[in-house]
Every structure is written in structure tokens, then in C-alpha cells.
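Everything on this sheet refers to the single structure shown next.
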Amino acid sequence: MQNTRQSSHTTSAALGASRRHLDLQGSALMVLFCLALGAQQVAIKMVAADIPPLAQVALRSFMAALLVAALAYWQGIRATDMRAHIGPGILVGLSFTAEFVFIAWGLSYTLASHMSVFLYTAPVFTALGLHLWVPGERLTRRQWQGIGLAFGGMVLAMAPSTDIDNAGDILRGDLLGLLAGLAWTATTLVIRRSSLSEAPPVQTLCYQLTVGGLLLLPASVLLGDLGRIQLTGVAVASLAFQTLVISFAALLLWFTLLRRYLASQVGIFSFLSPVFGVLFGAAVLGEPLTVGFLAGGTLLLVGLLVVTR
């Protein structure tokens, strides 16, 4: 038993050590990833009346899963390769499904800005989990201070500027947002602590999207969401963007970066996603920019520089 623990500890340390610190190229790619995720919120909100949010996620996951499966086959990944990581692959798919169920459920109670704040607690929980369980991902005191600055800046930037009614419902939605963040954390930790850590990114994404699509599509049918779909031009364009850019390209980029760089540093950059979401909301939907957002965004960037310097 002791030898087994030592072997697991050695393997985790080796996997952590094989990752590099985030460099200029990695930082630029993370900014692109965060831009895509920020645009995702606007894309969903724009067509929510035509396609319910959960149905949007279900359809885009199913269609992107087909694209990823074709790409995996083209890269030479076969059924035997998929079976080799089936256990952690299912776990990754379940955590992905849970994340978006909690988001869709929580948004019926709380504000979108609140959901963004609690969803993006994930990098903090991830950094803590990696610090505890992956020796090569340990953070210094300075980096923890950077995490605190980045998270504080994000909360300040996303804080609503109006009075909030229905505090009980808001609290319920906030808790669901926190659960969504924990589900995202679970995805990263499963990848870094399992054989998926060294699996091709396209294979990991295939597990995630396939399980998500197979679970969310029946759920959308049971809830009657698919029956309420109206395929307007804007709705089709939004769904195509979410499928090709978000669920296919952006998520594939995310798993590629997780395999190449330290997950703790990559995760912190995702704090930029809700900030970009507010910017896109202001540009596309006419949502106002507040002084709190500008101050919080500046604080967030300072925290990022502290963590990744």
C-alpha cells in the first residue's frame, strides 16, 4: 500500500513537472480563449427567446461531439484508445454536464453578473486543489496574493450596480453558480490527476462533449425545451458560432493548453472571461460600463501579472 501511494505521488509530481510556466504564446492563446468564452454569454442571451439556454448547450455539445469524433478518427484515435481512458473520460463528461445544468438552473434565480462571479470561482478552487494534490503545481505566497487580487478585481468588476430584490431567490441562484464553479474545478482536477493528463486533447474533448450531449439532449426533451425552438437566422448563426468556435475550437484549445502549461496559471487567466463578457454585452447589447467594472478590471489584470510573471 505504501509503495502504491509513493508511486502515485511520484507520477503526479512527474506530470506537474512536465508542464511549463505560462509564456507569451500561451498567454496570447489564453486571451483568445477568454474572448471566445466572453462572447459565449452574449451569444446565448441574444437567442434565449428562440432557443432555451439548456437546449443551446445540448445541441452544440452533440454537434461538436460529431466534429471532434471525426477529428479524433482522422488523427488515428480508435475505439481501443477511447476505452483506455473511459473511467476518467466519463467523469470529465459528467462534470461538464453538471456545470451547465447548474448554470442554466441558477440563471432562473440570480443575475447573470452574479452567475459569472460564482462560476469563475473555479480557478481559485482549482489552484487550491492542484496545490494540495499535484506537487508540480504548488503556488508561492506571491502567486496566492495574485490570485486574491485577481478574484477581488473580478468580483468588483462584475458587481451589480442596482438594488437587488428577491434576496432568497438570488441566494439560491448564487449557490447554484458556486456548484457550477466546483463542477468546472472537478473537470480540471480529474484531467490532471488521471491518465487523461497525457491523452491527446481531442480525446479528452470527445469524452466531455459526447457524455454532455447524450445527457443534455434527453433532459431538454423532458423539459420541453426542444419543442420551443424557433430557428430564426440569428438563432442559427448563434448556434453555429457556439458549436464551431466555443464547443469545438475554444475547448480544444483549452485542453491543449492544460496539457502544455501549469494548470494553476492557465486557470487564473480565465478570470478574464467574464470581463470580456461585460465588454461584449456593452458593445452588442448596449449594457452599461460602470466605474466599478473599470476599477475591478484593472485590479484583475494586476493580479494576473503577479501570478504569471
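Residues of region 211-261 that are buried (at least 21 other Cβ atoms within 10 Å of the Cβ) and farther than 30 Å from Ser194 by Cα: Ser220, Asp225, Ser238, Leu239. Looking at Leu107, Leu66, which one is under 21 Å from the mean Cα position of the chain (by Cα) and free of Cβ contacts under 8 Å to residues at least 40 places away in the same chain? Answer to the check: Leu66. Tell me whether region 267-284 contains one or more residues that are out of contact with any helix residue (DSSP H, G or I) (no Cβ under 8 Å at 6 or more places or on another chain) and assigned to a helix (DSSP H, G or I). Yes, region 267-284 contains at least one residue that is out of contact with any helix residue (DSSP H, G or I) (no Cβ under 8 Å at 6 or more places or on another chain) and assigned to a helix (DSSP H, G or I).
Taking the criterion of being outside any helix (DSSP H, G or I) and either touching a strand residue (DSSP E or B) at 6+ places or on another chain (Cβ under 6 Å) or under 23 Å from Ala219 (Cα atoms) (or both), the residues of region 63-118 that qualify are Leu107, Ser108, Tyr109, Thr110. Scanning region 231-244 for any residue that is part of a loop (DSSP other than H, G, I, E, B) and either aliphatic (A, V, I, L, M) or under 24 Å from Val31 (Cβ atoms) (or both) turns up at least one such residue.
Do the conditions hold for Tyr207, that is, is it at pLDDT 90 or above, crowded, with 18+ Cβ neighbours inside 10 Å and among the aromatic types (Phe, Trp, Tyr)? Yes; evaluated as a whole, the condition is true for this residue. Against the criterion of being touching a Lys or Arg at 6+ places or on another chain (Cβ under 6 Å) and modelled with pLDDT of 90 or more, Gln242 qualifies.
Residue by residue, here is whether (1) at pLDDT 85 or above; (2) crowded, with 20+ Cβ neighbours inside 10 Å; (3) within 17 Å of the chain's Cα centre (by Cα) holds:
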| position | (1), (2), (3) |
| --- | --- |
| Leu130 | no, yes, yes |
| Thr140 | no, no, no |
| Trp144 | no, no, no |
| Ile147 | no, yes, no |
| Ile164 | no, no, no |
| Ala183 | yes, yes, yes |
| Arg192 | no, yes, yes |
| Ser195 | yes, no, no |
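Which number in (1) within 19 Å of Leu216 (Cβ to Cβ); (2) of a type outside the set (Ser, Thr, Tyr); (3) under 14 Å from the mean Cα position of the chain (by Cα) marks the one condition that Ala235 misses? Evaluating Ala235 over (1) within 19 Å of Leu216 (Cβ to Cβ); (2) of a type outside the set (Ser, Thr, Tyr); (3) under 14 Å from the mean Cα position of the chain (by Cα) leaves (3) as the failure.
Residues in region 36-46 that are surrounded by fewer than 22 Cβ atoms within 10 Å (Cβ to Cβ), of a type in the set (A, V, I, L, M, F, W, C) and in contact with a Ser or Thr (Cβ under 8 Å, 6 or more places away or on another chain): 2 in all. When you look at Ala104, is it modelled with pLDDT under 80, hydrophobic (A, V, I, L, M, F, W, C) and surrounded by 17 or more Cβ atoms within 10 Å (Cβ to Cβ), yes or no? Considered against the rule, which asks whether it is modelled with pLDDT under 80, hydrophobic (A, V, I, L, M, F, W, C) and surrounded by 17 or more Cβ atoms within 10 Å (Cβ to Cβ), Ala104 comes out as yes.
The values are calculated or read from the model by the stated rules, or taken from the named source; none is laboratory data. Values in this document were obtained by computation on a predicted structure and should not be read as measured data. Cβ coordinates were reconstructed from backbone atoms using ideal geometry, including for glycine residues, and neighbour counts include every protein chain displayed.
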